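Structure, as structure tokens:
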Amino acid sequence: MTEVLDRYPAPAGFAGPNTITEAEYNRLYKESIDDPDAFWGKVAKRLQWYKEPTKIRDVDLNPDNFKIKWYEDGELNVSVNCVDRHLEKRADKTAIIWEPDDPNAPAQRVTYGELYTRVCKLANALRKLGVGKGDRVTVYLPMVVDAAVALLACARIGAIHNVVFGGFSPTSLADRVRDCDAKVVITADEGLRSGRRVALKANVDAALQLPDVTSVEAVVVLRHTGGDIEMQAGRDHWWHEVTANEPGECEPERMNAEDPLFILYTSGSTGKPKGVLHTSGGYLTYASYTHECVFDLREEDVYWCTADIGWVTGHSYIVYGPLANGATTVIFEGVPSYPDSSRFWTTIDKHQVSIFYTAPTAIRALMRDGEEPVKKASRKSLRLLGTVGEPINPEAWRWYYDVVGDGRCPIVDTWWQTETGGCLMVPLPGATAAKPGAAMKPFFGVEPALVDANGEFIQGAGEGNLVLLGSWPGQMRTVYGDHQRFIDTYFKAYPGMYFTGDGCRRDADGDYWITGRVDDVINVSGHRIGTAELESALVLHAKVAEAAAVGFNHDVKGQGIYVYVTLKAGEVPSEELRKELVAHVRQNIGPIATPDYLQWAPALPKTRSGKIMRRILRKIAENAPEQLGDISTLADPSVVESLVQERFIR
Ligand code: 6R9
């Protein structure tokens, strides 16, 4: 097995006034584990509370006596913390920079002062529509400033928001509205992505007509593109009309720390998507504290996270973390490839972005187009880069570091999940010399452990299932409407511990490498091989743009390896190249990792958030295309057809 040993410490001169050094990391980490109550009690003081919590933590992860409570006697309002609190010193500071889909359309800058007024007006309007504390509001919006306004307005009046990604179909939208019994839906006439219009309001209309979607009393519609839509009298209201005469102030609801803030649906390995529920005090404490430490936040930073607000990354690290910290956060409506693949980099120059946070899949896609589009922009304003969402292969990491960051910006590879609310493992930029592809070290208060199939702890260097001992304030509290499912899914496999569903390796230095979802680990003749490891090896090859590996049932070895390879633009598949790539993997990892099948893939099936749909690739590899199941959540379902046709039939 090859192991990448290079380390990348932050370059000289990186550290600023608040940078956490290695010594501080070690001291704070120890404090956080030795006395979590003292540690998290102190951290909570970063928020503004009506009533400061005196009870910090009440946690029991044993299924029989299960409870997770943080700051349970504290009272606060999340929108007050994200907006009002900054008015004294930062009323004129830009809270949000909006970069539209069309780079030639005017960008917007919204100050904290303006944000306050917009949030209050919508909050008042929602109250008039009958929305109160505890009611659910589904948000189905494009990436516009008003998406953040909508979340904060809900938080202000104690309503629980449920954001549904704007790329989801009416059926998926209906499933979520139905599951959480939303009283109001907030949407826009249309969204815009790479110049194409997305029929958001029409999708809402269709969703609300589906069976058993009966809870919605009102739909608030933002005029965005000005496209032609139908408004249903009595039910639908224009945002600008319902807010027009509302005052720019709104009495916030006084919330308990454990009152729900939002529900966000996420897919598991089984069943329908789960409504992951996060609460107010612990979530905001954790989102804001991690955002500050992980990104080494400074007052003058312009921070850009390219995620969509429909995913947890958008919640914690576009809206709540940055705004709680009084930062300037960028909201980008478009896509990295439009109008061309220099869009990220020219936008960084345009808004003088200093912190840039994106997904490995975007990096790999942009890598295919080479360095030229990157070099079109100076990127001088950048000082820190981040990744999230999946393991990053060392080749993409290095390209990000060398080409995008010009070798002078540390990369924070942030491992976390919808369920965890915020980042759990990361190389803090001033404290930990990064290794390409490693999540490195636990954040404060986080206690990772590796367990084997029998539930025994693995000590020292080794690989196993990643579990977390104890709790942290940002942990999800329940699956909405199904508390038992929450306990069963996460706390039964290893009783008393949170099971992440991820595999992980701890190297001889004690650093952590996420190997991918455990269901993605391929077991060949008793040897476990990470799909990420295989993919990483493949993309090391000069001709490979992207690769995905899955296991399939093998009569002799238990599981065999099936890989899908997308070549770089201009490269041509051939038998010779196929053999070369198989040999290349064999050489890079070892004979045990030799792929049994290597299929050329013009493109890989991905969710709209950019995750490769391995479930589909596994079925094709299993030669069972009739079991593909639902492929409607794919960004481009037609990709699947050609893969099915070209599959190896055994
Ligand atoms: C934040 C987010 C969670 C799953 C998680 C893991 C994978 C996320 C990662 C990573 C390796 C990283 N993942 N970040 N794997 N390195 N830095 O993505 O949440 O959409 O719920 O996905 O994504 O497998 O379990 P979510």
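The values are calculated or read from the model by the stated rules, or taken from the named source; none is laboratory data. The shown structure was predicted, so the numbers you read here are calculated from the model rather than taken from an experiment. Don't worry about glycine lacking a Cβ; one is built from the backbone with ideal geometry, like all the others, and counts go over all protein chains shown. Surface accessibility is based on the protein's heavy atoms, side chains included, excluding ligands, DNA and RNA. Shrake-Rupley method; radii C 1.70, N 1.55, O 1.52, S 1.80 Å.
If the viscosity is 1.567 mPa s and the temperature 4 °C, what translational diffusion coefficient in µm²/s does Stokes-Einstein give for the range 229-360 when Rh comes from Kirkwood over Cα pairs? Calculated translational D: 73 µm²/s. Solvent-accessible surface of the range 388-473, taken per residue with a 1.4 Å probe and all protein chains present: 24 Å². Beta bridges assigned by DSSP with both partners in the range 525-646 are antiparallel in approximately 75 percent of cases. The Cys residues in the chain with no partner Cys Cβ within less than 4.7 Å of their Cβ are 82, 154, 180, 293, 305, 409, 423, 504.
In this structure the range 525-646 gives 44 Å² per residue of accessible area when probed at 1.4 Å with all protein chains present. Shape class of the range 525-646 from the alpha-carbon gyration tensor: oblate, with a/c at 1.5 or above and b/c at least as large as a/b.
Of all beta bridges that DSSP places with both ends in the chain, some 60 percent have antiparallel geometry. Of the peptides 130-139, 483-492, the ranking by mean beta-carbon count within 10 Å, highest at the top, reads 130-139, 483-492. Available extension along the chain between residue 457 and residue 254 is 68.7 nm, counting 0.36 nm per residue and deducting the alpha carbon span.
Which of the three applies to the range 372-518, rounded, prolate or oblate, going by the alpha-carbon gyration tensor with a ≥ b ≥ c and a/c under 1.5 meaning rounded?
Since a/c reaches 1.5 and a/b is larger than b/c, the shape of the range 372-518 is classed as prolate.
Between residue 64 and residue 31, the FRET efficiency estimated from the beta carbon spacing at R0 = 30 angstrom works out to 0.45.
Could you tell me what percent of the accessible area of the chain is made up of carbon and sulfur, with a 1.4 Å probe and every protein chain present? Roughly 48 percent of what the probe reaches on the chain is carbon or sulfur.
Note on the range 209-273 and the range 282-298: Cα centroid distance 27 Å, given to the nearest whole angstrom. Give the distance, in whole Å, between the Cα centre of the range 592-650 and the Cα centre of the range 99-173. Here the answer is 36 Å between Cα centres. Name the shape class, rounded, prolate or oblate, that the alpha-carbon gyration tensor gives for the chain, where a ≥ b ≥ c are the square roots of its eigenvalues, rounded holds for a/c under 1.5, and otherwise prolate holds if a/b is larger than b/c and oblate otherwise. Here the chain falls in the rounded category.
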